[in-house]
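Down below is the structure, laid out as structure tokens.
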Amino acid sequence: MIKQLNQYLKTSWLGKNIIYEEIMESTNKYAKKLGEENVTNGTVVVTKKQTAGRGRRGRNWISPEGNCYFSLLLKPSIQTEHASRLTLVSALALAEAIKNVAGLETQIKWPNDVVVDGKKLCGILTESSIDVDGLKYVVIGIGINVNQKKFDPEIDSMATSISLQLGQDVECAHMIAEFLNCFEMYFSIFIQTEDLSMLLSQYNALLVNKNREVRIVDQSERVGVAIGINDVGELLVRNNAGVVESVNAGEVSVRGLYGYV
């Protein structure tokens, strides 16, 4: 796997140290352990199968063989509160990598789901560690449904894979390497401002939420129409009274997506 990855890798610093094992509990768990051990910035952890993969809000991430599972260990010199914005940067990089490798046009469901034909294709989980000096490290975990042919009945209507969309398999090593290539490029833009101000047009162009009714669930439940994101990555939602709200937490459902009707 490492030899295959290096064949496609064009980065200057990201992925120069790759750790690969066929089976892991979780690539994020492994990468966080490395973060505590002061392993090199830009280290990438890759596996064929996770036995305890996790998604957002503690959900399980089903991780059969045939897909891509990997995590990035980053030690960026940014403000602690800005680390979560890297999730949106990752989604941009994923969408571009999938287009470059598979020729598949995807969209982003805010903040971090990459979708095609209304179904989820990828997941991203960003976790940070903080010490007395501030941000210690950031781990970005990526799961891409690449060559999976079947999904469990409870998620079959909401998930898909690149293989199912194309009718042919795609090489995981190529997909991971191209993501790293794209992420390094977008990260170099992000790091200049530590926000999404220089990436707004690219992100909003892919935003599946845009101009569609969304339902927000946090302390309360309400609906509105999403109009895009702002510089700090919040989702802008206009309610029936014309008031625009900035959403930075909670669940956001898009009408017509994932069973929301």
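Please treat every number below as a calculation from the coordinates, not as lab data. Fair warning: this is a prediction, and the values are worked out from it, not measured in the lab. Don't worry about glycine lacking a Cβ; one is built from the backbone with ideal geometry, like all the others, and counts go over all protein chains shown.
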Looking at the structure I just gave you, is residue 157 surrounded by fewer than 20 Cβ atoms within 10 Å (Cβ to Cβ) and either in a helix (DSSP H, G or I) or without any contact (Cβ under 8 Å) to a residue 60 or more places away in the chain (or both)? no
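To keep it simple, each residue is scored yes or no on (1) crowded, with 19+ Cβ neighbours inside 10 Å; (2) of a type in the set (Ser, Thr, Tyr); (3) under 22 Å from residue 146 (Cα atoms).
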position	(1), (2), (3)
180	yes, no, yes
190	yes, no, no
194	no, no, no
208	yes, no, yes
220	no, yes, no
225	no, no, no
244	no, no, no
253	no, yes, no
Checked the range 19-40 for anything polar (S, T, N, Q) and in a helix (DSSP H, G or I); matches are 27, 28
Of the residues in the range 100-120, those that are among the aliphatic types (A, V, I, L, M) and under 10 Å from the mean Cα position of the chain (by Cα) come to 108, 114
Tell me, yes or no, whether the range 127-143 has at least one residue that is touching a Cys at 6+ places or on another chain (Cβ under 8 Å), outside any loop (DSSP other than H, G, I, E, B) and either touching a residue at least 60 places away in the same chain (Cβ under 8 Å) or over 21 Å from residue 209 (Cα atoms) (or both). yes
